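Taking it in order: structure first as structure tokens, then the write-up.
The values are calculated or read from the model by the stated rules, or taken from the named source; none is laboratory data. Here the structure is a predicted model, which is why all the values come from computation and not from measurement. All Cβ positions, glycine included, derive from the backbone under ideal geometry; neighbour counts span all protein chains shown. Remember, those area values only see protein heavy atoms, side chains included, never the ligands or the DNA or RNA. Shrake-Rupley method; radii C 1.70, N 1.55, O 1.52, S 1.80 Å.
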Amino acid sequence: MVRSCEQGIPAWVCVGTLLLLIHSATVRGAALKQETALDNGATVLNHSMSLVQRLETLLTMGNGSDVTLRVHTINTDEVKVIQAHSLVLTMQSDVFEELLLSRNNSALVLREPADCSAVFDKFVRYLYCGDISVRLDQAISLHKLASKYRVWGLQQGLTQYMTQHLSSESPSGHVVGWYNYALQIGDMALRDSCLQYLAWNLTSVLQSGEWGSISEDLLLSLLQRSDLILQSELELYEALEAWISQNQPVTATVEIALKAVRYGMIPPQHLFRLQKQSHLMQKYYESIRDLLYLAFQFHSASPIQLAKYFDVNCSIFTPRNYLSSSWGSPWVINNPTRDDRSFSFQTQLGPSGHDSSKRVTWNALFSPRWLPLSARSTYTELGAMQPTRTDGGRPRIIVTPATSSPDFAGVSFQKTVIVMSRQQGKVVVRHVYNFHQSTEEAGDFLVDADLQRRASEYLIDSSLYLHVVIKPLYHTLLVARK
């Protein structure tokens, strides 16, 4: 029996009315757009929200429904029933169009896993209204439905939502889950965004409950990276020890992970302590013994001497982006567009214990509107300086040592400038710029930042939050004797 949308009015009349509503709105919209194109003085009367509200009412009340969606939750007896309209479903999804053409009666039976079944009504409402409210724990389920039923606009919107909400707070964390999902479906852009967020904000990740949930593959992938941002290598070792204790991986995985730790970046006094107090290091000591010996040799001799006999370009001697004071300094620039700023700070000459007492003073200069020589002020024949517009200037940063030293032999310094921002109420890393001793500045430094705007995503409370990290990189001087 055909259900009536109102007393005495058959369903086919209501569906016809729905068709007329959409057709009329489309025709009127097209006519108004054409009128606007022909006459710039025309006024557009936009009643699209009224149409959306009427479509939502049709869904909510079931008026004029000509198809019943029966959503079965897999492995349970739960069934969700939704009165829908085939016209709307087929307009939004060619998958629904195929399913509706092959059905035998007014009911369309669908089978979904529990997480997708729980948000299926939200998904259908989006097909009618074009908007949807999303929580962090619903993003993957809705993305699955959008992909399965080929609702590409919703799929792209959810991918963008996940990319923009990596820093949002959640009880158990969500970035690792999104990374695993992106890996599963082959979304490399989302995967890379998640991986970069984890690498750049590793200290906060290590302190969260999410750290224990990362997979072995993700753990090993992170350990190989030199762009990790964290307090120290010791912090990473202790977090690795906690992860191994919680997850109990196979011996091969533990050995690979332990060999990825950069022991040369851990001060010798901490290495001695780990040898005596770390149960993990004691258990797998034979697997990493050679690396520990090499680390102690690195700490006991000058880098120049070491470079004569060992390859110092390997990862054990390559720093990551450490935030501790030995490696650099934070720099908060209030009202950064006002004028040039400068400050000085000190770092260790290098991570080697041999150089532990040696310090290097660095001078940093920030200019909000630097111009190349070709665009700077010029003088006329009468000696008067021609004014130069500074609108075209761009932010610039220079970090140089205050003095030169013979101790710099065999080492170059990579400067890393970390830019922080506030996202979803949380301070996170916005951008990372790397430049080397041979260049004075990062050529693309803040090239896309609008520092004039108080609400700029690069500013926190109208200030620019930077952290400058100095990373000594050693060079092999002579080939080791065989």
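Going by the conditions given, is PRO319 open to solvent by less than 40 Å² (accessible area, probe 1.4 Å), over 22 Å from SER356 (Cα atoms) and outside any helix (DSSP H, G or I)? First the steps, then the outcome.
Numbers: open to solvent by less than 40 Å² (accessible area, probe 1.4 Å): yes; over 22 Å from SER356 (Cα atoms): no; outside any helix (DSSP H, G or I): yes.
Against the criterion (open to solvent by less than 40 Å² (accessible area, probe 1.4 Å), over 22 Å from SER356 (Cα atoms) and outside any helix (DSSP H, G or I)), PRO319 does not qualify.
Every residue, every condition in (1) within 16 Å of the chain's Cα centre (by Cα); (2) surrounded by 18 or more Cβ atoms within 10 Å (Cβ to Cβ); (3) of a type outside the set (Gly, Ala, Ser), yes or no:
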| position | (1), (2), (3) |
| --- | --- |
| SER133 | no, no, no |
| ASP137 | no, no, yes |
| SER141 | no, yes, no |
| SER167 | yes, yes, no |
| GLY177 | yes, yes, no |
| LEU219 | no, yes, yes |
| GLU233 | no, yes, yes |
| GLU238 | no, no, yes |
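Test THR380 against the stated conditions and say whether it is modelled with pLDDT under 55, in contact with a strand residue (DSSP E or B) (Cβ under 8 Å, 6 or more places away or on another chain) and not aromatic (Phe, Trp, Tyr). If you could, list the steps in order and put the result at the bottom.
On the way: modelled with pLDDT under 55: yes; in contact with a strand residue (DSSP E or B) (Cβ under 8 Å, 6 or more places away or on another chain): no; not aromatic (Phe, Trp, Tyr): yes.
No, not satisfied.
Would you confirm whether or not the range 278-297 contains a residue that is at pLDDT 95 or above, surrounded by fewer than 18 Cβ atoms within 10 Å (Cβ to Cβ) and not in a helix (DSSP H, G or I)?
Yes, because at least one residue in the range 278-297 is at pLDDT 95 or above, surrounded by fewer than 18 Cβ atoms within 10 Å (Cβ to Cβ) and not in a helix (DSSP H, G or I).
Go through the range 247-268 and count every residue that is surrounded by 11 or more Cβ atoms within 10 Å (Cβ to Cβ) and either farther than 21 Å from THR318 by Cβ or among the aromatic types (Phe, Trp, Tyr) (or both).
Taking the range 247-268 as the starting set, the residues that turn out to be surrounded by 11 or more Cβ atoms within 10 Å (Cβ to Cβ) are 247, 249, 253-268.
Going one step further and asking which of them are either farther than 21 Å from THR318 by Cβ or among the aromatic types (Phe, Trp, Tyr) (or both), we end up with 247, 249, 253-254, 263.
Qualifying residue count, the range 247-268: 5.
Collect the residues in the range 118-142 that are closer than 14 Å to GLY157 by Cβ and outside any helix (DSSP H, G or I), keeping them in residue-number order.
Once the filter is applied, which keeps residues that are closer than 14 Å to GLY157 by Cβ and outside any helix (DSSP H, G or I), the range 118-142 yields GLY130, ASP131, ILE132, SER133, VAL134.
If a residue must be in a helix (DSSP H, G or I), of a type outside the set (D, E, K, R) and in contact with a Lys or Arg (Cβ under 8 Å, 6 or more places away or on another chain), how many such residues does the range 76-101 contain? I'd like the intermediate steps shown before the answer.
From the range 76-101, those in a helix (DSSP H, G or I) are 86-92, 94-101; that's our starting set.
With the extra rule that they be of a type outside the set (D, E, K, R), the set shrinks to 86-92, 95-96, 99-101.
Narrowing the set further to residues that are in contact with a Lys or Arg (Cβ under 8 Å, 6 or more places away or on another chain) leaves 95.
The total comes to 1.
What number of residues in the range 307-334 are of a type outside the set (Gly, Ala, Ser), at pLDDT below 90 and within 31 Å of the chain's Cα centre (by Cα)?
From the range 307-334, those of a type outside the set (Gly, Ala, Ser) are 308-314, 316-323, 327, 330-334; that's our starting set.
Pick out the ones that are also at pLDDT below 90 and you get 308-314, 316-318.
Right, trim to within 31 Å of the chain's Cα centre (by Cα) and you get 313-314, 316-318.
Number of matching residues: 5.
Yes or no, residue by residue, for (1) crowded, with 19+ Cβ neighbours inside 10 Å; (2) touching a strand residue (DSSP E or B) at 6+ places or on another chain (Cβ under 6 Å); (3) among the acidic types (Asp, Glu):
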position	(1), (2), (3)
GLU78	no, no, yes
MET91	no, no, no
GLU98	no, no, yes
LEU101	no, no, no
SER117	yes, yes, no
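Touching a residue at least 24 places away in the same chain (Cβ under 8 Å), of a type in the set (A, V, I, L, M, F, W, C) and closer than 15 Å to GLU241 by Cα, is that true of ALA260?
Details: touching a residue at least 24 places away in the same chain (Cβ under 8 Å): yes; of a type in the set (A, V, I, L, M, F, W, C): yes; closer than 15 Å to GLU241 by Cα: yes.
Yes.
Just to confirm my filter: which helices (runs of 4 or more DSSP H) fall fully inside the range 198-263 and include at least 3 residues that are out of contact with any Leu (no Cβ under 8 Å at 6 or more places or on another chain)?
Of the helices (runs of 4 or more DSSP H) lying wholly inside the range 198-263, those with at least 3 residues that are out of contact with any Leu (no Cβ under 8 Å at 6 or more places or on another chain) span 216-223, 233-247, 251-259.
If the Cβ limit is 6 Å and pairs must be 6+ apart or interchain, which residue in the range 445-466 that is touching a residue at least 40 places away in the same chain (Cβ under 8 Å) pairs with which residue that is charged (D, E, K, R)?
Sorted first by the residue in the range 445-466, then by its partner, the pairs are ILE460/ARG422; SER462/ARG454.
Report the residue count in the range 185-197 for those that are in a helix (DSSP H, G or I), free of Cβ contacts under 8 Å to residues at least 60 places away in the same chain and of a type outside the set (A, V, I, L, M, F, W, C).
To start, the set of residues in the range 185-197 that are in a helix (DSSP H, G or I) comprises 185, 188-197.
After this cut, where a residue has to be free of Cβ contacts under 8 Å to residues at least 60 places away in the same chain as well, the list is 185, 188-196.
Restricting the remaining residues to those that are of a type outside the set (A, V, I, L, M, F, W, C) gives 191-193, 196.
Number of matching residues: 4.
Here's a check for you: in the range 143-165, which residue that is of a type outside the set (S, T, N, Q) and open to solvent by 20 Å² or more (accessible area, probe 1.4 Å) is farthest from VAL205 (Cα to Cα)?
Here the answer is ARG150.
Of all residues in the range 58-75, count the ones that are open to solvent by 70 Å² or more (accessible area, probe 1.4 Å) and either in a loop (DSSP other than H, G, I, E, B) or among the β-branched types (Val, Ile, Thr) (or both).
Kept after step one, since they are open to solvent by 70 Å² or more (accessible area, probe 1.4 Å), are these residues of the range 58-75: 60-61, 70, 74-75.
Adding the requirement that they be either in a loop (DSSP other than H, G, I, E, B) or among the β-branched types (Val, Ile, Thr) (or both) leaves 60, 74-75.
Count: 3.
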